[in-house]
1. Could you pull out every residue, at least 5 positions away or on a different chain, whose amide H is within less than 5 Å of the one on Ala565? Hs are placed 1.01 Å off N in the peptide plane, and Pro or chain starts have none.
2. Per the Kirkwood formula on distinct C-alpha pairs, the Rh of the stretch 276-348 is how many angstrom?
3. Per q in 0.15, 0.16, 0.18 Å⁻¹, report the Debye log10 I(q)/I(0) for the stretch 402-515, using one uniform scatterer on each alpha carbon and no solvent.
4. Check the straight Cα-Cα distances from Lys56 and name the lysines below 30 Å, setting aside those fewer than 8 residues away within the same chain.
5. In the calculated pair distance distribution of the chain, what percentage of Cα-Cα distances lie above 44 Å?
6. Take Leu236, project a point 7 Å from its Cα along the Cβ direction, then tell me which residues of the stretch 259-274 have their backbone nitrogen under 13 Å from it.
7. Restricting attention to the chain, give the cysteines that have no other cysteine Cβ less than 4.7 angstrom from their Cβ.
8. Taking Cα atoms, how many degrees apart are the long axis of helix 416-429 and the longest axis of the chain, rounded to 10 and kept between 0 and 90?
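Throughout, read-outs are computed from the coordinates displayed, never taken from laboratory work. All values reported here derive from a predicted model rather than from experimental measurement. Neighbour counts run over all protein chains shown; Cβ positions are idealised from the backbone, glycine included.
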Amino acid sequence: MRNPLYLLGIFSILRIAELYQAIQAIDNSGSQLDNRDPSDARQSACRVLRFLGTEKAAKEMIHRLGARDSPCDQEYYFGLIGSPHRRFIIREMEGRLTAPEQPVSSSFLYVLSLLSLNEQPSTHLPPYPDGDEAKIKKWEAQAQKRRDSFDDIRIKYTERLAAVVSRKEAEARAISLAAMLGFQANIQRAKRIEATIRIREKIAAMLPSVFLFLPADTQYSLLSGGWKPINSPAMLSVVRSIYESPPQTVWPIRETALQRLYELSPDEGRRLIPDEMHSPRPKISIKSLGLLPEKTLPELDDFLAAKFESSDSEIGYENLCVYSSLLARYASADALPRIKAACEEKTGHIACAIQTPLLAYFLRVDPQYGTEMLKKALSSRKDTGCYKSGLTGLAALYMCPEIERAAVVHLNDSEPGMVSQAAATLGQYGSAAVAESLWNRLEQWHQTWAGRVDELDVGEGGDVLASEAHIEIELVRALSFARAWVLNAKEFERLTELCVTEMGRKDARNLAKQADFSQSPLEISVHFNSMDDSVFHISVGQYQIQSLNALREKLSQYPRGTVFAWRSFNGGEPADRQAFAELNLYLEDRGMKLNR
C-alpha cells in the first residue's frame with residue numbers, strides 16, 4: 001500500500017505539470033500541442049488554470065487578467081472569484097496594483113474589490129425575506145450598505161492605482177487608465193466625490209499618449225460611447241492615426257475616428273469627408289458623410305448622376321445605397337433631369353434602401369414630382385415590399401407636407417398593414433393638424449368592428465402587423481405618443497371607449513396611467529437622467545424624449561397652469577442643475593410650474 005504522503009506528492013507533481021502545460025498552451029495559442037483550432041486549445045488551457053485550485057494557478061491568472069487581447073479573461077475572472085485561496089489572491093492583487101508591467105483592467109479592479117468586500121462579515125447579506133415587508137425593507141437597507149461599502153473599496157483601490165499609474169509601462173498604463181475611466185462611469189453617483197473627479201482629469205491628460213496600446217475593441221468603445229471624458233485636442237493625433245491605419249478587427253472604428261477627427265478639427269474633416277464621398281467603394285455611412293453643414297454640395301451632382309446612369313451591377317448594391325443617401329442629403333436640383341431619366345422607371349421596383357433616399361431627394365428638390373413618385377412607389381406592391389415601410393422610413397429621412405398628406409390618404413388604404421403604417425407615421429412625424437384624421441379613423445374602425453371582435457384575426461400568414469386588429473393598436477399609440485400634441489384625461493377616456501379589443505383597451509388604460517392624470521393634486525412627472533454630465537434619458541408622462549429641446553417642445557403643448565414634478569435620478573450633478581434651471585425659466589414664461 002502506497003504511503004499517503006507519497007501519493008500526495010505525486011498528485012502535487014501532476015498538478016504542477018498540468019499548470020505548466022496549460023501556461024505553454026496559452027502562450028503558444030495551442031498551435032504546437034494538438035490539431036485543434038489554436039483558439040479552442042487556448043480556451044481549454046485557460047479553463048485548466050481556472051479549475052486547478054492552487055495558489056500558483058491563481059497567481060498566474062492574476063498576472064494575465066486584463067492583458068491585451070486576452071480571450072480568457074472570463075475564465076480568469078470566475079477562477080479568481082471561485083478560488084479557495086481568497087486571502088492569498090487579495091494580497092497578490094494588491095501587490096500587483098503597483099507592478100509596472102501589470103495591466104489593471106476593469107475586471108482586475110472588480111475582482112479585487114469584490115473579494116475584499118466578501119472578507120468583511122458585516123457586509124454579508126442574509127437570504128431575501130420574500131413576503132415580509134418589514135424584513136424586506138431591512139434587507140434593502142443592508143443591500144444598500146453593502147453597495148456603499150463596495151464603492152468605498154473600489155474608490156480606495158482606484159486612488160491607489162492613480163498614485164502609481166504614471167510609472168507603469170505603456171501598455172499596462174493604457175489598460176489601467178481605461179479601467180479607471182470605466183470605474184468613473186459605474187460608481188454610484190453619490191460617491192463621485194472630488195477625489196474621483198481629480199482622477200478623471202488625470203486620466204484625460206495621460207490617456208492620449210498611450211491610447212494606441214489599448215485593445216482595438218476598447219479603443220472603439222472609448223471613441224464611441226466613452227468619448228466625452230477624454231475629448232480634448234490631445235486626442236487629435238490619436239484619432240487621425242486610427243483613421244489612417246485602423247485596426248482590422250473592429251471595422252466601425254475608422255468611421256468613428258473620422259467623426260471625432262471632424263469634431264476636433266473641422267477644417268481637416270471638411271477635406272476628408274468629400275474624399276470619402278467620391279470613393280469607388282464607400283466604407284463610411286451617411287451618418288458620418290452627412291455631417292457637413294452645407295445644405296447642398298453641387299460639386300457632387302455630376303458624380304452622383306453618373307453613378308445612377310451606370311448599371312446597378314456595375315456599381316453594386318451597397319455602394320448604390322450610399323450614393324442614394326448622398327443624393328438625398330447633398331445633391332442640388334440641377335441633377336434632377338439626369339436622375340429622373342435614370343430612375344423614374346425603376347421607382348417601385350428597386351431595393352428599399354435605395355428607393356427611400358431617392359424619394360426624399362425628389363420631394364426635396366421638386367415636391368410635385370416627388371409626390372408623383374411617392375404615389376407610384378406606394379401603389380407598387382408586387383416586385384418589392386417597400387410599400388410596407390416606405391412612409392415611416394421616408395418620414396424619418398425627410399418629413400414634409402407631401403408625406404403627411406399621403407399618410408392621411410393611406411389611413412383608408414385597403415391593406416391593414418398600410419393603414420397601421422400611415423397611423424404610425426402621422427403620430428411620430430405629423431403636425432397637430434392630423435390629430436382629427438386619426439380620431440376619425442379610430443371612430444370609423446370602432447363602428448366597423450364593434451360587436452364583431454371574434455371575427456378579427458391576426459392577418460394573412462399570422463402577420464400581426466398586417467391584421468385589422470393591429471390598426472387599433474397603431475391608432476391608439478399614434479394618438480397617445482404623438483410628437484405634436486398631448487392627450488388630456490377626457491381624451492384618454494374617449495380613447496379607451498373607442499377600443500374594441502381587450503388588448504387595445506388595456507394599452508389605452510396603461511398609457512393613461514403613465515400620463516399621470518390620475519394624481520391629485522395633478523403633477524406631471526418629468527424623469528431626468530444624465531451620464532458623464534450629458535443627457536442620458538428623459539421622459540414626461542408616457543413620452544420618451546431624446547433631448548432638452550424636444551422636452552421643451554413637448555412641455556409647451558400642455559395647457560397653461562400645468563404643474564410638473566422634476567424627478568432626477570442624479571440630482572445635484574451639473575447636467576441636472578443646468579437642465580432644471582433652464583426648464584424652470586422656460587415654463588414660468590409660459591404660465592407653468594416645475595417643482596423638484
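1. Here Ile524, Ser525, Val526, Asn595 satisfy the definition.
2. Details: mean 1/r = 0.0802 Å⁻¹.
When all Cα pairs of the stretch 276-348 are included, the Kirkwood radius is 12.5 Å.
3. Listed by q, the Debye log ratios stand at -0.59, -0.67, -0.85.
4. Hits, sequence-local ones excluded: Lys156, Lys168.
5. 41
6. Only 261-270 pass the distance filter.
7. Lone cysteines by the Cβ rule: Cys321, Cys343, Cys400, Cys499.
8. Approximately 80 degrees, to the nearest ten.
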